[in-house]
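Contents: one structure, followed by commentary.
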Amino acid sequence: MAGLIGYGLAWVQISASPTFPADTVAAENDVAADDVQTQLDQIRADIDAMPAADTSNLETAIADLQSGLTDLQTQFSELPTAVTDPATPIIGEDAQAEAVQVLSQQIANQTAELQAQRDELQAELDTIRDEAESIRNDAIEGARTETAKAALARVQGAIESGAPMTTALNDLQNALDASIPDALTAVAQDGVPTMESLREAYPEAARLALDAARTSGEDGDDAGGLGAFLRTQMNVRSTAPREGNSADAILSRAEDALRNGRLNDALAELETLSEAPRAAMSDWIALADQRAAAVEAVNQLDTNLTAN
């Protein structure tokens with residue numbers, strides 16, 4: 001339509017132009033006007049032929065919106081006045097403070113309860129850990145004690161047999177985690193004299209001691225009489241225990257104690273000898289002292305292990 005109107009205006013202007021003859025312009029204007037009218041009539045016919053738009057859905061949606069708006073207005077009008085005013089609190093300040101206090105107390109109670117449960121669980125865990133540690137330590141200590149007892153039994157066997165005991169003492173030291181008594185380390189390589197070897201060597205040592213006592217006049221026996229003379233000349237000694245302070249009596253009691261396995265008692269008797277006889281049997285006494293000290297050290301270790 002705009003094109004046609006523009007076209008018509010152009011023809012009108014052309015018709016008014018002095019460059020075209022009046023008749024010619026008038027004729028062309030009539031033709032153009034007819035064409036414009038024809039096209040306008042066609043456009044009107046097309047418009048009349050177009051189907052009417054369906055606005056029923058749009059009208060329904062608008063009606064629904066209007067209904068929802070009405071419901072909201074109704075609900076809003078039914079609310080308390082305080083709710084419609086944002087500056088007015090829904091509940092009073094006292095009620096708010098009380099609610100906050102109650103909530104805070106509930107939180108504090110729950111926190112305290114959780115902490116109590118945590119402390120209880122931690123205490124149980126500590127108890128279990130301590131018990132496990134104690135059991136572990138007891139097991140380790142028990143195994144160490146058993147190992148030490150086994151090594152100590154080997155040492156005791158070596159003392160009885162007179163065998164070297166270096167390996168057994170090393171095992172014992174590792175099990176005990178402590179130093180071994182000097183009385184044992186001193187005889188570890190060569191072993192200690194057995195009771196049997198001490199008994200066998202005693203008679204010769206006793207004769208040397210008795211001879212030294214008689215030679216030095218320290219025998220303590222009555223020098224008179226035939227018996228004393230014969231004992232001195234033949235170096236006779238008593239083999240059965242006898243009373244008295246003479247060298248022969250002391251040696252007889254020491255031999256009896258040795259014969260019955262009482263080595264410490266035998267050494268105690270020999271301690272009472274005078275200097276000459278003691279010096280004469282010093283080698284035997286040194287061997288006996290080695291064994292006595294080793295036995296004492298082993299007995300002490302055994303006592304300690306049994307106590308543990």
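The values are calculated or read from the model by the stated rules, or taken from the named source; none is laboratory data. As the structure is a computational prediction, the values presented were derived from the model and not from experiment. As a convention, Cβ positions derive from the backbone with ideal geometry for all residues, glycine included, and neighbour counts pool all protein chains shown. Keep in mind that these areas ignore ligands, DNA and RNA; they rest on the heavy atoms of the full protein, side chains included. Shrake-Rupley method; radii C 1.70, N 1.55, O 1.52, S 1.80 Å.
With a cut-off of 15 Å on the backbone N, the residues of the range 150-188 near the modelled label site 7 Å out from residue 200 along Cα-Cβ are 161-163.
With R₀ fixed at 35 Å, the C-beta to C-beta distance from residue 98 to residue 67 puts the FRET efficiency at about 0.25. Once the Cβ-Cβ distance of residue 59 and residue 35 is raised to the sixth power relative to R0 = 35 Å, the FRET efficiency obtained is 0.25.
Among 121-134, 263-276, sorting by the average number of other beta carbon atoms lying within 10 angstrom of each residue, highest first, gives 263-276, 121-134. Each peptide in 292-299, 176-183 receives the mean, over its residues, of other Cβ atoms within 10 Å, and ordering these scores from highest gives 292-299, 176-183. Between residue 133 and residue 190, the contour length at 0.36 nm per residue exceeds the alpha carbon distance by 16.2 nm. For residue 162, the amide hydrogen comes within under 5 Å of the amide hydrogens of 192, counting only partners 5 or more places away or on other chains and with H modelled in the peptide plane. Taking 0.36 nm per residue of sequence separation and removing the Cα-Cα distance, the residue 299/residue 44 pair yields an extension gain of 78.0 nm. Measuring only protein heavy atoms, the 1.4 Å probe finds residue 285 accessible over about 10 Å².
Distance between the 7 Å Cα→Cβ label points at residue 141 and residue 307: 1.4 nm. Values of log10 I(q)/I(0) for the range 250-308 across q = 0.13 Å⁻¹ run -0.40, by the Debye formula with one identical scatterer at each alpha carbon and no solvent. Each principal axis of the Cα atoms in the range 116-192 has its own extent, and those three values, largest first, are 67, 18, 14 angstrom.
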